[in-house]
Amino acid sequence: MKMEGKTVVRMMQSDEVIRQRYTRLAKALLKDQSVIQPTRKKGFGSSGLYTRDKLFAFLSHRNRLVVKLPRERVNELVARREVARWNPRGDGRGLREWAAVRPASRIRWLSLAREAMKFVASQNRGH
């Protein structure tokens, strides 16, 4: 029993560290006037970061940084095992332009989020 308790505590601390990391990321990105983090939004992307009214990064319910990138870039990062395709339905079919950063990844969150922000900002409003 004690071992299980210690494992749970470590997992919670790990989740807390990830949430703190996301908070620092959000603070850094929110310095850009084009980035917002809505406070009254509910559901998908409710705590996410937006530019031009489009979601580009958020922390998933599994405490993974999820970003929107061009399909080719997601493919590249998946091949390098830095990310997995984000699979919100859990059916094994990840979304082509959404990547969830793997816990063991050494990829820099701020660089990746800025890349996502630029990608989303460059898309036409109609998409």
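The values are calculated or read from the model by the stated rules, or taken from the named source; none is laboratory data. Predicted model, so just to flag it, every value in this text is computed and none were measured. Because the Cβ atoms are built from the backbone with ideal geometry, glycine has one as well, and the counts that use them run over all protein chains shown.
Here are a few things to note about the model shown:
- In summary, Asp32 fulfils each of the numbered conditions (1) surrounded by 14 or more Cβ atoms within 10 Å (Cβ to Cβ); (2) touching a residue at least 40 places away in the same chain (Cβ under 8 Å) with the single exception of condition (1).
- Residue check, Val66 assigned to a helix (DSSP H, G or I) and at pLDDT 95 or above: no
- Positions within segment 42-57 being closer than 18 Å to Thr23 by Cα and modelled with pLDDT of 90 or more, in sequence order: Gly48, Leu49, Tyr50, Thr51, Leu55, Phe56, Ala57
- Note on segment 82-127: among residues that are surrounded by fewer than 14 Cβ atoms within 10 Å (Cβ to Cβ) and of a type in the set (Lys, Arg), the one that is farthest from the chain's Cα centre (by Cα) is Arg125.
- Failed criterion for Ser14 (all others in (1) modelled with pLDDT of 90 or more; (2) in a helix (DSSP H, G or I); (3) not hydrophobic (A, V, I, L, M, F, W, C) hold): (1)
- Residue match in segment 36-48 (condition: surrounded by 13 or more Cβ atoms within 10 Å (Cβ to Cβ), in contact (Cβ under 8 Å) with a residue 24 or more places away in the chain and touching a Ser or Thr at 6+ places or on another chain (Cβ under 8 Å)): no
- Matching residues, segment 70-99, being small (Gly, Ala, Ser), out of contact with any Gly (no Cβ under 8 Å at 6 or more places or on another chain) and within 26 Å of Glu16 (Cβ to Cβ): Gly90, Ala99
- Any hit, segment 71-80, residues being touching a residue at least 12 places away in the same chain (Cβ under 8 Å), surrounded by fewer than 18 Cβ atoms within 10 Å (Cβ to Cβ) and in a loop (DSSP other than H, G, I, E, B): no
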